[in-house]
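Data first, discussion second: the structure below is written as structure tokens.
Any read-out appearing in this document is the output of simple, stated calculations on the displayed coordinates, not a laboratory observation. Quick caveat: nothing in here was measured; it's all calculated off a predicted structure. When we count neighbours, we look across all protein chains shown, and the Cβ atoms used for this are built from the backbone with ideal geometry, even at glycine.
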């Protein structure tokens with residue numbers, strides 16, 4: 001075999017990704033997973049060849065939306081099932097119930113009872129909602145007939161823009177391949193997307209802490225998500241905002257009829273979703289409440305019925 005023949009055979013098989021009409025990227029065979037990544041929904045990989053963490057997250061299907069997981073001998077554990085195992089296995093069960101183009105965008109976990117790592121864990125998935133862009137799942141982890149853990153997970157359909165960005169910025173690409181946007185000249189400076197303001201309820205409230213915490217919860221959604229839109233505002237642009245999830249943690253007693261400082265910060269806004277965190281302080285500087293919210297931010301469509309689902 002000549003050297004030319006060897007080179008010809010070496011490049012006979014290649015995976016090609018068309019990025020634009022003018023350019024393409026040729027990937028060697030070892031990077032073909034960029035095109036066809038192994039999916040948690042695909043046929044189960046042999047447990048002898050999978051990684052240790054995949055072994056822990058492995059679930060056996062029992063019936064539709066019903067799975068069983070175990071605690072492998074080499075899995076992290078103490079006196080009870082490791083909390084991360086419950087979260088990971090429950091999310092794996094939820095992920096198996098949605099389309100492969102839907103990825104989890106948020107989850108909330110509740111640990112109810114300690115788990116026994118000596119017996120299997122049953123995961124039951126409940127399909128709360130399947131919309132155009134979003135899906136909601138609830139997963140109960142059950143042992144000995146008791147629910148020991150509950151997971152609420154929301155999934156979002158991946159947009160074409162996000163898929164393209166993942167492709168362009170994947171670190172496994174050759175170093176010579178660059179996204180043109182990343183090399184564009186620009187001036188970088190720190191920008192803090194935040195808002196601080198004081199509030200209090202009008203009038204005197206009773207000493208009932210339930211009432212004061214309800215007032216704080218009512219106030220928490222005022223101008224909260226809008227902070228994430230501040231860097232993107234421009235003249236003539238109207239935005240529609242829809243809260244997707246909202247979480248609060250109450251650390252200390254609160255007086256909502258006394259001045260409370262509300263500090264809001266937005267670390268990111270991406271893929272039509274804004275994300276904000278909040279903190280409420282009393283006049284002594286003590287942290288009273290911590291908050292997190294994510295919401296949908298899209299261009300306003302006039303004459304659109306409010307009753308039509310935007311999700």
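Once you have the Cα-Cα distance between residue 54 and residue 144, take 0.36 nm times their residue separation minus that, and quote the gain in nm to one decimal.
Computed gain between residue 54 and residue 144 is 29.9 nm.
Order by neighbour count: 239, 229, fewest other Cβ atoms within 10 Å first, most last.
The most exposed by this proxy come first: 239, 229.
When a/c reaches 1.5 or more, the comparison of a/b and b/c decides; with that in mind, is segment 93-143 rounded, prolate or oblate per its Cα gyration tensor?
Cα axes put segment 93-143 in the prolate bin.
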